[in-house]
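Structure record follows, encoded as structure tokens.
The values are calculated or read from the model by the stated rules, or taken from the named source; none is laboratory data. The shown structure was predicted, so the numbers you read here are calculated from the model rather than taken from an experiment. Positions of Cβ are generated from backbone atoms using ideal geometry, with glycine treated the same way; all protein chains shown enter the neighbour counts. Just the protein is used for accessible areas: all its heavy atoms, side chains included, with ligands, DNA and RNA removed. Shrake-Rupley method; radii C 1.70, N 1.55, O 1.52, S 1.80 Å.
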Amino acid sequence: MSSPIRLSEDCLDALHHLRETREVNTVILRFADPPGLLTAEVEGNLTHEELVAALPAAEARLVVHELSFATAEGARRHEHLLVLWMPPDAGGQEETYTAGYAFLKEHLAEVHVHLTARRADQLEYRRLVALAG
């Protein structure tokens, strides 16, 4: 990606809502025009199934998601995840979205769980809990 990556105002607002309120647990981001501009495509309180269903089968996306789960001891936990969604048919977008993923890793320093998923089964709930726990 030759142009610098920037976050649109709606993207900044969505990420703020995710961090500061309980109304939003998921922000799905895509690149838009002009090149290098990340924008919020989805901002909502999605179940795990809704999150997986919201990801396009043939296009890359970046996802910031607050995963809620219980520990083995029964304590409730919430962990933010950063996901690079890169299905096989989105190969032409890999360089751009990988650069966006690296940018968001730095921008979202409070997010400690990072993963790349190429298939929906790689986003299976128990796998995400194991990564976050």
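Going by the conditions given, is Phe103 surrounded by 16 or more Cβ atoms within 10 Å (Cβ to Cβ), in contact with a Gly (Cβ under 8 Å, 6 or more places away or on another chain) and either of a type in the set (A, V, I, L, M, F, W, C) or in a loop (DSSP other than H, G, I, E, B) (or both)?
no
Considering each of Ala109, Ala90, Ala99 in turn, give the residue that is of a type in the set (A, V, I, L, M, F, W, C), more than 14 Å from Glu79 (Cβ to Cβ) and modelled with pLDDT of 95 or more.
From the options Ala109, Ala90, Ala99, the qualifying one is Ala99.
Looking only at residues that are more than 16 Å from Leu108 (Cα to Cα) and either among the hydrophobic types (A, V, I, L, M, F, W, C) or touching a Phe, Trp or Tyr at 6+ places or on another chain (Cβ under 7 Å) (or both) in region 25-51, which one is modelled with the lowest pLDDT?
Looking at the filtered set, the residue picked out is Ala32.
Taking the residues in region 24-47 that are open to solvent by less than 40 Å² (accessible area, probe 1.4 Å) and touching a His at 6+ places or on another chain (Cβ under 9 Å) as candidates, determine which candidate is farthest from Leu7 (Cα to Cα).
Checking each candidate, the answer is Leu46.
Does region 57-78 contain any residue that is closer than 20 Å to Ile5 by Cα, in a helix (DSSP H, G or I), open to solvent by 70 Å² or more (accessible area, probe 1.4 Å) and free of Cβ contacts under 8 Å to residues at least 60 places away in the same chain?
No, region 57-78 has no match at all.
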